[in-house]
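> I am attaching a structure below and will ask some questions about it afterwards.
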Amino acid sequence: MPSILRAQQVEVIEMRGTPRGERIWYNPIGLAITPGTILRFVNRDPVNSHTATAYHPEIFERAARIPDGAMPWDSDFLLPDESFEVTLAVPGVYDFYCLPHEMAGMVGRIMVGRPSDTGWQGVAQDTGDLPEAALRAFPTVEAILRQGRIDPEET
């Protein structure tokens, strides 16, 4: 059985938006990667700035939605064509969001490794502090395991 984990060393997640800003999203919205993969977030939205921000108490005092021991990140605001990189090494589920657009459901989910990996941590419990649009937008772990990559049109 072939592995659905993406084995590249660098994976690109684009920040997208329509020209008038009616819709914004990450592409892909869900991704399975191997530990140590570098994620490069690139703002391809021609009109909006975006962030790639981990849910973590050290960043805007948000409840953690990344594995214990994983380093939280915040790209700060990226203008069109700017990029930010982070390396994810701790096995588990990482949820992230765009600071100004979380209410519109601009979130994403990365799975590092597999549930069978030592120390792997699954999806964080709902703490009631996420907007409904964000909760609806996260792809399921099962879908990410099955497909490896989920583009927004597939959710």
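> Which percent, to the nearest 5, of DSSP beta bridges fully inside the chain are antiparallel?
Approximately 65 percent, going by the DSSP bridge assignments.
> Just name one of Ala104, Gly128, Phe138: the one whose Cα is farthest towards the positive end of the charge dipole of the chain (beta-carbon charges, Lys/Arg +1, Asp/Glu -1).
Phe138
> Keeping all protein chains in place, calculate the accessible area per residue for the chain (probe 1.4 angstrom), answer in Å².
49 Å²
> Treat each spin label as a single point 7 Å out from the Cα along the C-beta direction, and report the Glu85 to Val47 distance in nm.
Placing both labels 7 Å beyond Cα along the Cβ direction yields 3.2 nm.
> Further, regarding this structure: On a full-extension model of 0.36 nm per residue, what is the gain between Val141 and Phe77, subtracting their alpha-carbon distance, rounded to one decimal in nm?
Between Val141 and Phe77, full extension yields an extra 20.2 nm.
> In whole percent, and with a 1.4 Å probe on the protein chains, what portion of the accessible area of the chain is carbon and sulfur?
About 51 percent, which is the carbon plus sulfur part of the accessible surface.
> Also, I was wondering about something else. Rank His50, Val93, Gln9 by how far each Cα sits towards the positive end of the charge dipole of the chain (+1 on Lys, Arg Cβ; -1 on Asp, Glu Cβ) and give me just the farthest.
Gln9
> Between segment 87-114 and segment 16-37, how far is it from one alpha carbon centroid to the other, in angstrom?
Comparing the Cα centres of segment 87-114 and segment 16-37, I get a distance of 10 Å.
> Report, by chain and number, residues whose modeled amide H sits under 5 Å from the one on Gln121, excluding near sequence neighbours (fewer than 5 apart, same chain).
Sorted by chain and number, the residues that satisfy this are Gly92, Val93.
> Under a point-charge model restricted to the Cβ atoms of Lys and Arg (+1) and Asp and Glu (-1), what is the dipole moment magnitude of segment 113-155 relative to its Cα centre, in debye to the nearest 20?
For segment 113-155, the charge dipole is close to 200 debye.
> With +1 on each Lys and Arg Cβ and -1 on each Asp and Glu Cβ, and nothing else charged, work out how big the dipole of the chain is about its Cα centre, in Debye to the nearest 20.
Roughly 420 debye for the chain.
> So how strong a dipole does segment 72-155 carry about its Cα centre when Lys and Arg Cβ are +1 and Asp and Glu Cβ are -1, to the nearest 20 debye?
I would put it at about 420 debye.
> State the volume of the convex hull built on the alpha-carbon positions of segment 1-99, expressed per residue in Å³ and rounded to an integer.
104 Å³
The values are calculated or read from the model by the stated rules, or taken from the named source; none is laboratory data. Since this is a predicted model, take the numbers as computed values, not measurements. As a convention, Cβ positions derive from the backbone with ideal geometry for all residues, glycine included, and neighbour counts pool all protein chains shown. The accessibility values were calculated without ligands, DNA or RNA, using every heavy atom of the protein model including side chains. Shrake-Rupley method; radii C 1.70, N 1.55, O 1.52, S 1.80 Å.
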